[in-house]
Amino acid sequence: MKKIVALLFTTFLAFAFIFTSAISADAKTLASSAKAYELNPKIYKKIYIKNSSNYGICDRKSSSLTFKKSRAPYNWECASNKVRYGFTHYSKNTLAFTLDGSDYAPINIKFPIKSGNGKVYNPYYQLGGPKYYKTNAQLLKKYKTKAGTFKNVIKYKERGYTHYLSKNRGALKITDPKGRTFFEITKFVKK
């Protein structure tokens, strides 16, 4: 009887170990801090961008943003209309791309980002919509864009939008729920 109990207990422990290993493998942290995924002005002085419409960033389909060392965090100025944007982390756990003087943020991502399916809290759910948004994240070994080929890019989906995030470069590309390019960096100019 003791042998049967010991065998059952050992089998139970083996299944418990396999099950918890599978869960923790799904929850691997891909990115722990938003700061590492900002567009880094110490490396880049200018970027060229493409939008899906004339009403996108810089009010043109194509434009450029140049780093200006003033009015932080809105240090990236559009060549076309002198409007300033900020690629910034509000805290260790939020990456945002915002317009100076506006609370609109086409990029607003919560960190840490974990691989697989997850959810993030919707602070505006009382105005309508779900209390949580479903998310999905995966690490791409290589990702090719008009600006080049990048390694270890995070593909992050939330609310139907897909963000391709790269360390020191921010969002390389964003696609809308229909798969159309909403925003893309087409060229980086180093210092």
**Message:** Among the residues of the stretch 172-186, what is the count of those that are modelled with pLDDT of 90 or more and buried (at least 16 other Cβ atoms within 10 Å of the Cβ)?
**Reply:** 7
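Hey, could you check the stretch 148-171 for residues that are touching a residue at least 60 places away in the same chain (Cβ under 8 Å) and of a type outside the set (Ser, Thr, Tyr) and say which is surrounded by the fewest Cβ atoms within 10 Å (Cβ to Cβ)? Working first, answer last.
Initially, the stretch 148-171 is screened for residues touching a residue at least 60 places away in the same chain (Cβ under 8 Å), giving 154, 165-171.
Next cut, of a type outside the set (Ser, Thr, Tyr) only: 154, 165, 167-171.
On the way: 154: 22, 165: 27, 167: 16, 168: 14, 169: 23, 170: 23, 171: 23.
Within the stretch 148-171, the match that is surrounded by the fewest Cβ atoms within 10 Å (Cβ to Cβ) is 168.
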**Request:** Examine the stretch 121-137 for a residue that is buried (at least 19 other Cβ atoms within 10 Å of the Cβ), within 27 Å of residue 58 (Cα to Cα) and touching a residue at least 60 places away in the same chain (Cβ under 8 Å), and state whether such a residue exists.
**Result:** no
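Can you give me the number of residues within the stretch 38-63 that are closer than 21 Å to residue 164 by Cβ and either in a loop (DSSP other than H, G, I, E, B) or over 21 Å from the mean Cα position of the chain (by Cα) (or both)? Even if it seems obvious, please write down each step before you answer.
First pass over the stretch 38-63, keeping only residues closer than 21 Å to residue 164 by Cβ: 38-41, 43-44, 46-53, 56-58, 61-63.
Add one more test, that the residue is either in a loop (DSSP other than H, G, I, E, B) or over 21 Å from the mean Cα position of the chain (by Cα) (or both), and what stays is 38, 40-41, 43, 52-53, 56, 61-63.
Count: 10.
Considering only residues that are part of a helix (DSSP H, G or I) and in contact with a Ser or Thr (Cβ under 9 Å, 6 or more places away or on another chain), which ones fall in the stretch 108-132? Show your work before the answer.
Kept after step one, since they are part of a helix (DSSP H, G or I), are these residues of the stretch 108-132: 125-127.
Across the stretch 108-132, there are no qualifying residues.
The values are calculated or read from the model by the stated rules, or taken from the named source; none is laboratory data. Treat the numbers as computed from the prediction; the structure is a model and nothing was measured. All Cβ positions, even for glycine, are placed from backbone atoms using ideal geometry, and neighbour counts span all protein chains on display.
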